[in-house]
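For reference, the structure is listed below as structure tokens.
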Amino acid sequence: MKTEKTAFALLKDYLANVNAGNPKVAASFFAEEGKIEAPYFASLGLPTTTDGQAAIEAAIEIEKAKLLET
């Protein structure tokens, strides 16, 4: 029997992958046509809306690189 994860557990797993620098895994939490709306991305010079799993992966990778610059 497969146990489903709670929304909180999924969020924790997503954030753990973002923090561990795994953009491909983090982006896999979204559907192929998924979307992120993150107003704070503007402070990193990124669009505040990102559409699609591949674009989400790229945005997380860019965010990671920009945060490592500081």
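In the chain, what percent of the accessible surface is made up of carbon and sulfur (1.4 Å probe, ligands and nucleic acids excluded)?
60 percent
DSSP loop trypsin sites (Lys or Arg not before Pro) in the chain with at most 14 other Cβ atoms within 10 Å of their Cβ, which ones?
Lys2, Lys5
Taking Cα atoms, how many degrees apart are the long axis of helix 7-19 and the longest axis of the chain, rounded to 10 and kept between 0 and 90?
Rounded to the nearest ten degrees, it is 40.
When only C-alpha pairs under 8 Å and at least 6 residues apart count, what is the relative contact order of the chain, in percent?
Answer for the chain is 27 percent.
Report, in cubic angstrom per residue, the convex hull volume of the C-alpha atoms of the chain.
Hull volume over Cα atoms, normalised by residue count, gives 95 Å³.
If you roll a 1.4 Å probe over the heavy atoms of the protein chains, what accessible area per residue do you get for the chain, in Å²?
Using a 1.4 Å probe on heavy atoms only, each residue of the chain averages 72 Å².
The values are calculated or read from the model by the stated rules, or taken from the named source; none is laboratory data. These numbers were taken from a predicted model, which means no experiment stands behind them. Here Cβ is always computed from backbone atoms with ideal geometry, including for glycine, and neighbour counts include all displayed protein chains. Protein only, heavy atoms only, side chains kept; ligands, DNA and RNA dropped before computing areas. Shrake-Rupley method; radii C 1.70, N 1.55, O 1.52, S 1.80 Å.
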